[in-house]
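What follows is one structure encoded as structure tokens, with my remarks underneath.
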Amino acid sequence: MKLVGYCKDEKENSFRDPIYSDSKGVLYRHEIDNRYNITAFQTFDAKKIPITKIYLSKKFNVGSKAALVFVGKENYLHYDVASSAVEEVIHYLTDHSDQYNTNGILDQAMLLKNRIFSDHFVIDNFVVKMSPDDEQITLSFDFPSPKKDSLLQNEPAIARKNTTLANEDTAKMDDKEAVFSNAMKQINAVDMNFELKLKLRAEERRSKLKTFNYQFKLNQNASRRKKATE
């Protein structure tokens, strides 16, 4: 699926429903879970609800983050995969809060951001993505190859050293590669230890608390605005 449009609406500073299309040109809307992942696509009739056409070459599948479309003031439009788009939208709303009174939609954007990133945690420099439904945990990390680092650091020195010193450097490099390979094997075979499980649970509780706080703030702002209009 590719993003090809959004539901037309006259209201400015609002999130719109993204419209997708398959390779045959059939239009779809998405269904999402509470983490803003696509759970299904439903066919969409553009004759009943008109759409504004846009295009994004990125592909969207069930299980991936859904698209996010935001229309601001004075023809401002931003759209992308939700995890990439939401930060830019928040920056836009923050920068224009004095001009456009964006407090309400900014609260909504912050809640949305919390949902989008609720399955991502940073623990001891690891980025962790959790899928509680099937209990799968994916770790991603930055572990550069020592061979590359050694070559970059020693390039000027190697040009000046004799063959004996060069051989010593090569031996050291081999030792580092052995350490690197060993570490990779340990990481690939890692089993979630008790300490990491506790950290993950703590991060998830913090994430839920943030969601509650944002929701509470949103409700407070709504109450104030309601009282101001009365």
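For PHE216, what accessible area in Å² do you get when you roll a 1.4 Å probe over the heavy atoms of the protein chains, rounding to the nearest 10?
110
What does the net charge come to around LYS47 if you take all other residues with beta carbon closer than 15 Å to its beta carbon, with K and R at +1 and D and E at -1?
My count for the surroundings of LYS47 gives +3.
Filter the cross-link list LYS8/LYS53; LYS2/LYS65; LYS113/LYS199; LYS8/LYS65; LYS8/LYS113 down to pairs whose alpha-carbon distance in this structure exceeds 19 Å.
Where the Cα-Cα span goes over 19 Å, the pairs concerned are LYS113/LYS199; LYS8/LYS65; LYS8/LYS113.
A 23 angstrom limit on the alpha carbon distance is what I want to check against. Which of LYS11/LYS210; LYS24/LYS58; LYS11/LYS48; LYS58/LYS210 exceed it?
With Cα atoms farther than 23 Å apart: LYS11/LYS210; LYS58/LYS210.
The values are calculated or read from the model by the stated rules, or taken from the named source; none is laboratory data. Computed from a predicted model, the values in this text were never measured in an experiment. Neighbour counts run over all protein chains shown; Cβ positions are idealised from the backbone, glycine included. Accessible surface areas use protein heavy atoms only, side chains included; no ligands, DNA or RNA. Shrake-Rupley method; radii C 1.70, N 1.55, O 1.52, S 1.80 Å.
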